[in-house]
Amino acid sequence: HHHHHRQQVVVSKTPIGNLGVTVCYDLRFPELYGVLRRMGAELLLIPAAFTLYTGMAHWEVLLRARAIETQCFVLAAAQAGKHNVSRYQAETNQAPRESFGDAC
């Protein structure tokens, strides 16, 4: 049984407005959100499960950037807790990298 993944840009009409639907890693690609806006999106749905360090360093600022760039409202939920304990433990034993956008 094989799964075929499609790359599809989705804007859904809802009672509260046109909803651009994306997921987690999509947040790093501003061009996608420009396409959604041109397709009529008024709200952007961006659920995510960023890792601890990238979440602290990037999640909120990228959400704000997508909102500013597109002039859309952003609906974003971040997963927290013990959804991937081994990944959390592995990254908490490592020092943050300077490539996270921190000022040098």
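Annotations
- Counted residues, region 38-61 - those being assigned to a helix (DSSP H, G or I) and open to solvent by less than 30 Å² (accessible area, probe 1.4 Å): 2
- Being at pLDDT 95 or above and among the β-branched types (Val, Ile, Thr) is a property that Thr70 has.
- In region 66-79, the residues that are surrounded by 15 or more Cβ atoms within 10 Å (Cβ to Cβ) and more than 11 Å from the chain's Cα centre (by Cα): Ala67, Thr70, Cys72
- Qualifying residue in region 10-33 (condition: in a strand (DSSP E or B) and on the phi > 0 side of the Ramachandran plot): yes
- Only one of the numbered conditions (1) at pLDDT below 95; (2) surrounded by fewer than 15 Cβ atoms within 10 Å (Cβ to Cβ) is not met by Asp26, and that is (2).
The values are calculated or read from the model by the stated rules, or taken from the named source; none is laboratory data. What you see is a predicted model, and the numbers here were worked out from it, not measured in a lab. Reconstructed Cβ throughout: ideal geometry from the backbone, glycine too, with neighbour counts over all protein chains shown. Heads up: the accessible areas ignore ligands, DNA and RNA and are worked out on the full protein's heavy atoms, side chains in. Shrake-Rupley method; radii C 1.70, N 1.55, O 1.52, S 1.80 Å.
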